[in-house]
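Everything on this sheet refers to the single structure shown next.
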Amino acid sequence: MSKEMLEAFATLEKTKGIKQDVIVEAIKAALVAAYKKNYNQAQNVEVEFDERKGNFKLLAVKTVVDEVHDERLEYSLKDALNINKAYEIGDEIRFEVAPKDFGRIAAQTAKQVIMQHLREAERTHIIDEYSQYEDELITGTVERRDNRFVYVKIGNVEAVMPHNDQMPGEIYNPQDQIRVLVTHVGSDSKGAQITVSRTAPDMVKRLFEQEVPEIFDGTVEIVSIAREAGDRTKIAVKSNDPNIDPVGTCVGQRGSRVQNVVNELDGENIDVVKYEEDPSDFIANALNPAEVIAVQFGDEEEEEKKALVIVPDYQLSLAIGKKGQNVRLAARLTGYKIDIRPESEVEFVDDGSKSDSDDIDTDLSVESDESTAEEAANSETDLETGEQVVDDNDISESEETDEE
């Protein structure tokens, strides 16, 4: 029996990762619980385990007394002297109790305690082992699926992928090898639970780290990611080395690096844009491939950051994107609520010296070729109509000049 028990310990440690010490403690606790169930007390019980033979001994400890009041805890001096003449009052005597003497209910209690300890030990082992993989990519094998989850085997455990973490249009068949991001390692009433995802934005980040050595070593940094899984992703990058182009580095020669990421994500479109410290430049880059003429920001005192973006009329639909996707992703990427308007709604004349969006006067004041500096200072632009508003004083001065 002892040999079989030691073999069982080794099998549990190999398959479940539960160490022998944990199993031994579970059995000790089970024997104590069974003894308590059978004798209605367990304060005088000890359990010994022989690691060499694999045997357990359950010992009832009794105190030598002159007169016995509780046979479960006490042993008479007269009977003790029959065992050994050296016993005195107050000494402790240990008697081995055979588990076979336990009743059926006590045996069931022992079994329940062992199973509970083993489940807790397995849960702890899984959490300890896989918590290091949280927010990391891992390759797993699809085992099965139901209406709620796709079950993915990673190592010796089964992870779950909820419906909203599954890529739209992807079909997961048993035995398929897939790469997933571990998003949560925890436990519930049923035991340890590992949740994985194919739609999390960080999955794109991890894929780029594997494809682009400059990202992995920190030369190029991913600042933010906005993703609509299965359709399109925008990723903002910056370089910590002025001699390295962050966008070109991520795209790779002839687009090889970004294409590998696209292939892993089943053809998902990926826009790599350059991060800029200047919010107007960053917003303009984020709206790529649309051209941006000017960017105006809302009141800084407002909690929500807002930006008004002016684009050429023919670029309006491109800037907004299909079903508003381009501007929606740009807003998530930059952290600004973006309002896009066509150039025709706002009067704008380029003076020839301003080519970038950060060089545009953010109050969108309009200045014609014949306007003097004084007229420009007194004029305003109505943001709703795009028409120039002129002060009444300017009109009066103009009329007086005509009369002279």
Convex hull volume per residue in cubic angstrom - Cα atoms of the stretch 222-283: 85 Å³
Theoretical FRET efficiency, 1/(1+(r/R0)^6), r = Cβ-Cβ of ASN147 and GLN253, R0 41 Å, to 0.05: 0.40
Antiparallel bridge percentage (DSSP; both residues within the stretch 179-320; nearest 5): 75 percent
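What is the sum of charges, Lys and Arg at +1 and Asp and Glu at -1, for the other residues whose Cβ falls under 10 Å from the Cβ of LEU329? Could the numbers behind the result be given before it?
Details: positive: ARG227, ARG232, LYS234, ARG328, ARG332; negative: GLU228, ASP231, ASP271.
After counting each charged neighbour, the total is +2.
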In nm, spacing of pseudo-spin labels at ASN240 and GLU304 (7 Å Cα→C-beta vector): 3.6 nm
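Stokes-Einstein at 37 °C, 0.692 mPa s, Kirkwood radius from Cα pairs: D for the stretch 43-84 in µm² s⁻¹?
Working: Rh = 11.8 Å.
It diffuses with D of about 278 µm²/s by this estimate.
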Gain upon complete extension [PHE216, ARG52; 0.36 nm per residue less C-alpha separation]: 54.0 nm
Residue-normalised accessible area of the stretch 175-310, given per residue in Å² at a 1.4 Å probe: 48 Å²
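The values are calculated or read from the model by the stated rules, or taken from the named source; none is laboratory data. If you're wondering where the values come from, they're calculated on a predicted model, not measured in any experiment. Reconstructed Cβ throughout: ideal geometry from the backbone, glycine too, with neighbour counts over all protein chains shown. Only protein heavy atoms, including side chains, enter the accessible area calculation; ligands, DNA and RNA are left aside. Shrake-Rupley method; radii C 1.70, N 1.55, O 1.52, S 1.80 Å.
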